[in-house]
Amino acid sequence: MAVTREEFVSIMSAFPTGVAIVTTLDEEGRPRGLTTNAICAVSAEPPLLLVCVDRTSRTLAALRHAKRFVVNFMSDGGAELCALFASKAEDKFADVRWEPGLGGVPCLTEDALAFAECLTEQELEAGDHLILIGLVEAGSAPDPARVPILYFRRSYGSTPTAAS
Ligand SMILES: Cc1cc2nc3c(=O)[nH]c(=O)nc-3n(C[C@H](O)[C@H](O)[C@H](O)COP(=O)(O)O)c2cc1C
């Protein structure tokens with residue numbers, strides 16, 4: 001017995017998350033990426049994180065081929081970019097500024113609050129998703145001048161700032 005897909009999505013919408021754009025390179029070296037919120041720290045030593053990717057994602061083949069990805073943790077104001085990377089647009093990188101990180105994988109240095117450059121250590125099958133576990137080889141600490149974008153009840157929002 002299990003809840004329906006709709007019920008599951010509705011239940012999970014109660015859990016606020018940050019939003020990250022996961023980037024990689026395809027077989028021809030073209031940048032690829034998708035918007036995600038199923039991201040989680042797994043281990044500190046060694047530093048591991050996971051991302052859950054839908055089997056229908058068009059980025060998945062590139063992720064599996066490159067065996068590398070960058071998790072770009074998005075800052076407030078990045079909703080438009082998150083919507084673009086959540087779409088099926090052909091060239092999501094056409095108007096996006098990025099810099100090559102390890103292995104040439106795109107880092108969205110202008111729009112990300114921080115990023116983690118990962119080498120895929122493990123792939124686990126889980127229902128209609130694949131869990132990619134990445135070893136964080138490099139990254140950037142959060143920019144203290146920026147706040148993260150939030151996703152809650154299927155909408156983007158801002159991080160509430162503490163009242164002084
Ligand atoms: C806020 C938000 C979070 C998302 N999180 C995930 C996720 O964690 N994993 C995933 O596979 N898709 C996630 N999606 C859906 C993908 O971004 C969407 O299916 C996208 O079209 C995939 O692009 P692609 O097929 O070009 O890879 C999310 C979408 C939104 C708006």
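The values are calculated or read from the model by the stated rules, or taken from the named source; none is laboratory data. Only a predicted model underlies this, so the values are computations on that prediction, with no experimental measurement involved. Methodologically, a virtual Cβ is constructed for each residue, glycine included, from the backbone with ideal geometry; neighbour enumeration extends over all protein chains shown. The area values use the complete protein model at the heavy-atom level, side chains included, leaving out ligands, DNA and RNA. Shrake-Rupley method; radii C 1.70, N 1.55, O 1.52, S 1.80 Å.
Those strands (runs of 3 or more DSSP E) of segment 119-164 in which at least 2 residues are at pLDDT 95 or above and under 18 Å from Phe15 (Cβ atoms), considering only elements entirely within it, cover 129-140, 149-152. Please determine, by comparing only the residues of segment 56-101 that are more than 11 Å from the ligand (Cβ to nearest atom) and basic (Lys, Arg), which one is surrounded by the fewest Cβ atoms within 10 Å (Cβ to Cβ). So the residue we want is Arg97. Scanning segment 34-55 for residues being in contact (Cβ under 8 Å) with a residue 60 or more places away in the chain and either open to solvent by 30 Å² or more (accessible area, probe 1.4 Å) or more than 7 Å from the ligand (Cβ to nearest atom) (or both) gives a total of 11. Across segment 1-29, the qualifying residues are those that are of a type in the set (S, T, N, Q) and either at positive phi or within 20 Å of the chain's Cα centre (by Cα) (or both), and the one among them that is surrounded by the fewest Cβ atoms within 10 Å (Cβ to Cβ) is Ser13.
Can Glu110 be described as assigned to a strand (DSSP E or B) and either surrounded by fewer than 16 Cβ atoms within 10 Å (Cβ to Cβ) or of a type in the set (D, E, K, R) (or both)? Answer is no for this residue.
Could you give every pair whose Cβ atoms fall below 6 Å, whose first residue belongs to segment 10-25 and is assigned to a loop (DSSP other than H, G, I, E, B), and whose second residue is of a type in the set (A, V, I, L, M), counting only separations of at least 6 or pairs across chains? Short answer, once both residue conditions are applied: Pro16/Leu150; Val19/Met74; Val19/Ile149. The set of residues from segment 106-134 being within 13 Å of the chain's Cα centre (by Cα) and within 16 Å of Leu63 (Cα to Cα) comprises Pro106, Cys107, Ala116, Glu117, Cys118, Ile131, Leu132, Ile133, Gly134. Scanning segment 46-61 for residues that are touching a Lys or Arg at 6+ places or on another chain (Cβ under 8 Å) and hydroxyl-bearing (Ser, Thr, Tyr) returns a single hit, Thr59.
Of all the numbered requirements in (1) closer than 14 Å to Gly18 by Cβ; (2) at pLDDT 95 or above; (3) among the polar types (S, T, N, Q), Ser87 misses one, and that requirement is (1). Taking the condition free of Cβ contacts under 8 Å to residues at least 40 places away in the same chain, surrounded by fewer than 20 Cβ atoms within 10 Å (Cβ to Cβ) and either within 13 Å of Leu34 (Cα to Cα) or out of contact with any strand residue (DSSP E or B) (no Cβ under 8 Å at 6 or more places or on another chain) (or both), does Glu137 pass? No; evaluated as a whole, the condition is false for this residue.
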